[in-house]
Structure formats: structure tokens, C-alpha cells
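Structure first, then comments.
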Ligand SMILES: Nc1[nH]c(=O)nc2c1ncn2[C@H]1C[C@H](O)[C@@H](COP(=O)(O)OP(=O)(O)OP(=O)(O)O)O1
């Protein structure tokens, strides 16, 4: 079995398959506290909806729609609320993965529940935080739509997007450091959990 990823439930790692890992020369960063976040991706008819982030941490990157889970909310309630606040749409979301994101200088870990859906209601709109855009998910269809802009996303997203798009469930941990203005991926592990013996 591959190394257990610290900070993620040991049981959910039982029987899963490591897809990618790196930075083995570094230690995983320590953290005392975790904060809950969500991130939702809509994939419809060969295209994925991403938002261009206009402000805050991760500004100028493309990402799913999400943010902090508020007190008294479940994760899926937060994911639905954020999808409405940031893209103006409603959707029946399914849990797709769990993501632990650490960055040097922030003493807590971001525990992000990743959701996906293959339908939605409403029309995606630009909001104060995000500008929505569609991207094609392969190079056979929709050639008039741009490909997923991995060079303008968090550096590790290309490692787990194939699982998200194939509807496979996964867990990810990424530890980043800051180098000047840049966030640099230092250690990571991606595992597919779809094969979990529960
Ligand atoms: N696709 C992604 N890939 C990645 O590597 N890290 C991500 C990620 N999506 C989110 N993160 C990390 C970095 C990001 O700054 C942090 C918080 O997520 P968001 O930026 O979505 O939340 P916000 O800070 O906008 O929260 P709100 O203000 O509640 O909307 O989680």
C-alpha cells in the first residue's frame, strides 16, 4: 500500500490507488487546525464551467465555485449557496473528492470538499467574485470552445482533474510554499478512492 496521507482519514485511504505524488524529499507541513471549504464543478455536454477569480486569495486563477462553510451549515449546503452566490445557478451536487490544501505562512489547513454535477438550472452570470467561462474537456468536440486553462489554475489541478471528469472519487493533499509572489507546489499526493472497500 502507498504511504498514508497525513491529515486525511486513514480508513478512506484503504484500498485506494495512488495516481500521482511528488516532493518526497520534503516533510508534510504540520498544522493544528483545519477550516472547511467547498468547491463545485459543473460538467455538461463535453464542457466544464470555471470561474475566473476577480479578488481574494487565488485571484486571476480559474477555479470551481466555492468558499468557506459557515457555522450551522453542512458542507453541501455551503457548496450550493456558494454556487448561487458566485455563479448564479442551482445544481444537484455530488461529492467528488476531498482536498487538503496547505500553504506556508497560513497556520491552518484548508479542508475542501469537491463537488461535481452534470446539470444545473439558471444562467451562469458574472458576480463580484467570479466571471464564468466554459472550457472543452477534450480535443474531439467543441473546438470553438477553449481547452481547460491549466496554466492559469492552481498548479496541481491537472493531477486530479482527469478523475473529476471521469466521475472517479479521489483524495488530494498539496503543500505549497511562497516564493516571492508565486505559490509553488512542494509536496503532493493524489489517490483515487473509487475502489474503497467500505
Ligand atoms: N482548485 C483548487 N486547487 C488548489 O490547489 N487549491 C485550491 C483550489 N480551490 C481552492 N483551493 C485552496 C486555495 C484557496 O485560496 C483556498 C480557499 O478556496 P477559495 O479561494 O475557493 O475560497 P475563498 O477564499 O474565496 O472563500 P470565500 O471568501 O468564502 O468565498 O483553498
Worksheet item: Out of (1) surrounded by fewer than 17 Cβ atoms within 10 Å (Cβ to Cβ); (2) under 14 Å from the mean Cα position of the chain (by Cα); (3) away from the ligand (no atom under 16 Å from the Cβ), the odd one out for residue 162 is which?
Response: (3)
Worksheet entry | Selection from segment 76-111 of residues that are over 19 Å from residue 163 (Cα atoms), within 9 Å of the ligand (Cβ to nearest atom) and buried (at least 16 other Cβ atoms within 10 Å of the Cβ) | 78, 82, 86, 103, 110
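Just give me the residues in segment 48-74 being closer than 17 Å to residue 90 by Cβ and part of a strand (DSSP E or B), in sequence order. Steps first, answer last, please.
Within segment 48-74, the subset closer than 17 Å to residue 90 by Cβ is 49, 51, 64-67, 73-74.
49, 51, 65, listed by residue number.
Going by what's in this entry, would residue 15 be described as part of a loop (DSSP other than H, G, I, E, B), within 14 Å of the chain's Cα centre (by Cα) and at pLDDT below 95? Please lay out each step first, then the result.
Details: part of a loop (DSSP other than H, G, I, E, B): yes; within 14 Å of the chain's Cα centre (by Cα): no; at pLDDT below 95: yes.
So residue 15 fails the test.
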Worksheet, complete the sentence: Within segment 29-45, restricting to residues that are touching a strand residue (DSSP E or B) at 6+ places or on another chain (Cβ under 6 Å) and part of a loop (DSSP other than H, G, I, E, B), the one that is farthest from residue 122 (Cα to Cα) is 29
Item to complete: Only residues that are under 21 Å from residue 96 (Cβ atoms) and either modelled with pLDDT under 95 or within 12 Å of the ligand (Cβ to nearest atom) (or both): list them for segment 171-190, please.
Response: 172, 173, 174, 185, 188, 190
Response to the item:
Of those in segment 18-46 that are within 17 Å of the chain's Cα centre (by Cα) and within 30 Å of residue 143 (Cβ to Cβ), the residue nearest to the ligand (Cβ to nearest atom) is 39
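The values are calculated or read from the model by the stated rules, or taken from the named source; none is laboratory data. All of these numbers come straight from a predicted model, not from anything done at the bench. Using ideal geometry, Cβ is built from the backbone for each residue, glycine included, and neighbour counts are taken over all protein chains shown.
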